[in-house]
Every structure is written in structure tokens, then in C-alpha cells.
1. Subtract the Cα-Cα distance of Ala539 and Asp451 from 0.36 nm times their separation in residues, and report this length gain in nm to one decimal.
2. Please compute the net charge surrounding Pro98, taking Lys and Arg as +1 and Asp and Glu as -1 over other residues with Cβ under 13 Å from its Cβ.
3. Given +1 on the Cβ of Lys and Arg, -1 on the Cβ of Asp and Glu, and no further charges, what dipole in debye does segment 36-175 carry about its Cα centre, rounded to the nearest 20?
4. Need the list of lysines near Lys466 for cross-linking: C-alpha distance under 22 angstrom, and skip anything on the same chain fewer than eight residues off.
5. Averaged per residue, what accessible surface does segment 387-544 expose to a 1.4 Å probe, in Å²?
6. What percentage of the solvent-accessible surface of the chain, computed with a 1.4 Å probe over protein heavy atoms, is contributed by carbon and sulfur atoms?
7. So if each residue of separation counts as 0.36 nm, and I subtract the Cα-Cα distance between Thr75 and Asp559, what length gain in nm does that give?
8. Could you work out the local net charge near Pro321, counting Lys and Arg as +1, Asp and Glu as -1, over the other residues with Cβ closer than 13 Å to its Cβ?
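The values are calculated or read from the model by the stated rules, or taken from the named source; none is laboratory data. Nothing here was measured: the structure is a model prediction, and the numbers come from that model. Cβ sites come from the backbone with ideal geometry, for glycine too, and all protein chains shown count toward neighbours. Remember, those area values only see protein heavy atoms, side chains included, never the ligands or the DNA or RNA. Shrake-Rupley method; radii C 1.70, N 1.55, O 1.52, S 1.80 Å.
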Amino acid sequence: MKRVLLPLAFVLLASAALAQNTVSVDATECRRGIFHTHLTIAAKAGPLTLVYPKWIPGEHMPTGPITQLAGLHVTSNGSELHWTRDLVDPFAFHVDVPAGASSVDVDFDYMSPASTFGGGYGESANATQHLGMILFNQVVLYPAGARTDDITFKASVKIPAGWKFDTALPIAAREADHVDFQPVSLTTLVDSPIAAGDYQRIVPVGDNANEHVTITADSASALAMNDARIDNIRRLVAETDALFGARHYRHYTWLVTLSDLLEPQGLEHHESTDIRQVEKGLTGSDETARAITILSHEFVHSWNGKYRRPAGLATPDYQAPMIGELLYVYEGMTRYLGDFVLSARTGMRTPEEDREFAAYIAGNLDRNRPGRNWRPLVDTAVGVSAMGLAPNEEVPYRRSLDYYDEMLPVWLDVDTTIRAKTNGAKSLDDFAKVFFGAPSTSPMVKPYTLDDVAAALNAVTPNDWKSFIYARVYSVTPHPPLNAFEQAGWRLVWNDTPNWYEALRERLAKQTDVSFSLGMWVKGDGTISDVVFGSPAYAAGLMPGMKVTSVNGRKYDGDVLREEIRAAKALDVVAEQASFSGTFRIDYHGGERHPHLERIADRPDVLSDIMRPHAAAK
Ligand SMILES: [Zn+2]
């Protein structure tokens, strides 16, 4: 293992000698969405191409928000240099550095958008009247061709007067609202967002002050995450130690930002994560139930995604295209370990809630995915870079980023297969230790291929793992591997009892989910958000965007729709679309249908073993 670490140390020493690049971010006007940036970039006389980060780690898409860069000026020794944008690559700018110059100065503004305009993380607002996120990929240009590991920046920021801030970036000095950071590689800089705001609460959750949650919110009341939820995160640190057996961070910070203006999402980093949720994200009961497992998901990425990364995603800079194929390991195993296994082991969900989550995912992939008849699961990962701007409609036929959800049953299939082959002596936990574990390291990247994954699985227990994965991931499969639940002692069943997770989603999204019966989702105002290709609603001629106004002669609301479904007779639905209004008959008589997991009496309850806490009780 030293063999791997030594060359990295040399790289760090070598790059430290070249430390001349600086980035100063003036965020004092971030309330209005403006981040001023000033860069000094080492340069030689002659042609110089500066590039804006395009492929952002964790987004896996060419979603660097180049459209939000404005006010660009490049100078050298005080003289303005003429810049031209590359005729083919809009992320590249050319200048001629005059004789005698050893650097150029670059000024521009990054404009945080008022609302989300694309699919990428950076293509959404990152500032409100009370808080701001500084993402360094948005406020830097760097020389084309430079490896981001090899180029060093010394960063400084100025935040609005009186605001608090937190970041995983090592601080050199702070004076009032001005913060100087230690020089780091561009990789580390872009990997280390800053959260600043009026209202900020730091919650220690690990031993030795190594891990903490930093909540930054639009109101003081939104900071009041309760003790039971804080205890979930304490247990998460203990459970990941037990699961992986090593750490690849020096310290870890969950930067959780709560605002109704921000796009709810999460982005992983080595030593922190940028999680954005609604203002009540950690205080509302439903909102917390939804948000809490994101802290687990993003933490798992410190091992799976940041430390171990598919070779196709471990690119030398932010301009090289990323290859998403192995996201079914990067995201898919994180869905299994972070959103399912650890959610139960840490108490984020009760075992019953966790089973309802798994049943919803399995049921959705089984019943609401006609797209699985043409598209293998891996294709949803391979195609991810083109999906950023995909509309939200016709998802069942087109498929979504299914490499997340569908890998829950697939990795459960792997886990239960290991357990069956070893009579319960080994499990996917052993793979986690082999693949993501010892020795503990500082942040570094160990790229892998599918062969490496198969070899690590074979080290746990011999099997033809590549064929196993090809059959479930690379082939067109009409159904997800529901047998995985049966191997775990449970089976997927359907009845008219609401599913806990499905109902939680309905309440948070303010829509009625009748996808498992009629084959559609309907917003509170009657607008159909999506229809399952081939379903009864589809056969009736209903389509996304139409607005349902009445059902069987009764004015539309979600409860009325459910009552009429329970009556188990055909539904006459009146729907509007622009100037059109008409009646559509849905020929469905099956009543309400919801997925659940039901215990198989004569099989061992492996699922409960998987969910049981593994860390020693404190
Ligand atoms: Zn993820």
C-alpha cells in the first residue's frame, strides 16, 4: 500500500513548489446572487488557454454552469488582454500573454441563478438573503491541459459581515469576514465547498471532534435538528467504522443547507458533502424522514465514489469527458449500503419503514418500468451525461437514473448469495472491507474496473461474479431480481394497504400516486405529472400535462380519485389540455394496489440480520 501512497506524496511536494495561483472570492454581494472572483494564474509569454470546469465530479455530466459567468476581464501587469472564446469549446478562452509577464489576472462574476435551469448541481441557486454556498468550480478558470492534482491554488474569501461559515478546506488565517486558506490542489479546492450564513449551527457527532454536521439555514428555527436525529448520525459514524473498517478522510463535515429557494439535492466530497433541503428539512417530521438518509448516502460516498472511483470517472481534469458505466457500483451500491442497510443499522428508519422503502423501490421498478423491455440497466449509467436536461415526463418508458434504485435489489442479491454460499459466515460487509477499507488514508483516489470489483467479490467467496452482474445489469431484464428478497426471507406482495414510503413521497411532493393501479401520478391541482406507458391510464389516452377536472362526475381531488378507484368500476375522467376538454374512460377494476414485503415463514430472516446494528453499543 505504501507503493500507492509514495508517488502521491511526491506529487504534493512538486506542486507545492509551483504555488503561484490564487483565487479571491468576494461573496459580500452573494445575497443578490453575485460572487466576484479575482484570480492570479502563473503563465509564460505566448498563447494561453484558460478553461472553466465543465465535467463536475459527482455530477458525472458536462454541467459546469458556464452560462453564469459574466464580466470576464483578463489583464497582465495592469493592461487589459483581448480574450476570445474557443470556436468549438465554449468552456475555453484564449489570450496572448505579453513578453515579460509571469502571470495573468482574471476577474469575473459568477451569477447564482434565481431558479434551477438544468439538471446539474451548479445549475441551481446557491445563495439566499441569509446564506450562500461557495463552490470553487464556479469561480475559477485554470490553464487548459493542467492536471487538477498538479495545479495549486491559494484561496481566500470575503463573506458578508457577521456571517458564520464552515468548510473542510484547511484555514490559514481569519480576520473578521476575510478568510485565507492554505494552498491546496485544484482537486481539493473544488472538492471543498464553503457554507456561510446568518444562521449556522455546528453539531459534533463523532469521537475526537473528527465529524460534525453544520446546518446553515434561512431561519434560526430551522437549525433545531432534534437529539434523536443527531444520535442517528453518531451511530452512522460508528456503523461506517464497523462496515468499512477504515476511513479515507481526516475529518468530515456534513454541510447541510436549508432553504425553500435551493434545489433539494446532495453532492458528495471526500471530507464533506453539500446537502440542500427545504427550510424544514431537519425539523419537519416528514421532511426529516426524507432528508436524514441523504446524510448516510453522501457519507458512504467518502468511501464509495471518492476514495474508490470507477476509472472512467477518475479523470485528470474537469474538461475530459467522464464515463458513467460503473455508476451502478458508485451510486448503486451507495443506494444499497447508504440508503437501505445503514438507514436501518443507524435507526434512521425502523426495520418496518426500511422494508417499505425497499418494497416501494422494487414495486416501482417491477410495475412502472416498461422501459426495461428495451433498455438494460447499465445503459441508464452509460447515458447519464446526456440526461441532465431530460424532461420529467415519460420516465417509465424512457427509464430514469435507474442505476440508483435498481441496484438495491441487485446488491441485495449479491449480499444474500454470498451469505448462502458461505452459510452465513460472509456477506457484502466483507466485500466492503476488502474493497473500501484498510489501510486508512487521507483523501486519495484508487480507480477500479469491473474486473477489480469481481476480483474483490471472489476474494470474499468464489463465484462467476462477472456473469452474475452481466445477467442483471448488462442484459435486458423484464423484471428486477425480486428473488433477492426471497433469499433474504421476504417476498414482494401487493394489497390495498398504503405503503409508508410511497405515502411519505406523496405528502412531500403534494401529489397522488396511483401509479400501481391506474398508472399515473397526479398533482394537487389535477395536473398529470406522468403516465406509465401501457398502463390503464395510458390506454385511456391520458397524458402528462393534462389537467384532470373530474372523476365519475365528482370534482377532482386526490381523495376523490382514490375513492373511485376503491369502488372497482371503470373511471370516467374529464381532463383539459389547452383549449381542449374531454372525457377519458379508464378501464380498471382492480382497486388500490401498494407494494410491501411479507415474511416467508419457512425461510431464515436474513434481511433482519442485514439490518441489525453492527457497531458495539456505547
Ligand atoms: Zn450518490
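1. The Ala539-Asp451 span can extend by a further 27.3 nm.
2. That works out to -2.
3. Using only the charged Cβ atoms, the result is roughly 240 debye.
4. Lys421, Lys426, Lys433, Lys446
5. 40 Å²
6. Roughly 53 percent, rounded to a whole number.
7. Taking 0.36 nm per residue and subtracting the Cα distance, the gain is 167.9 nm.
8. -3
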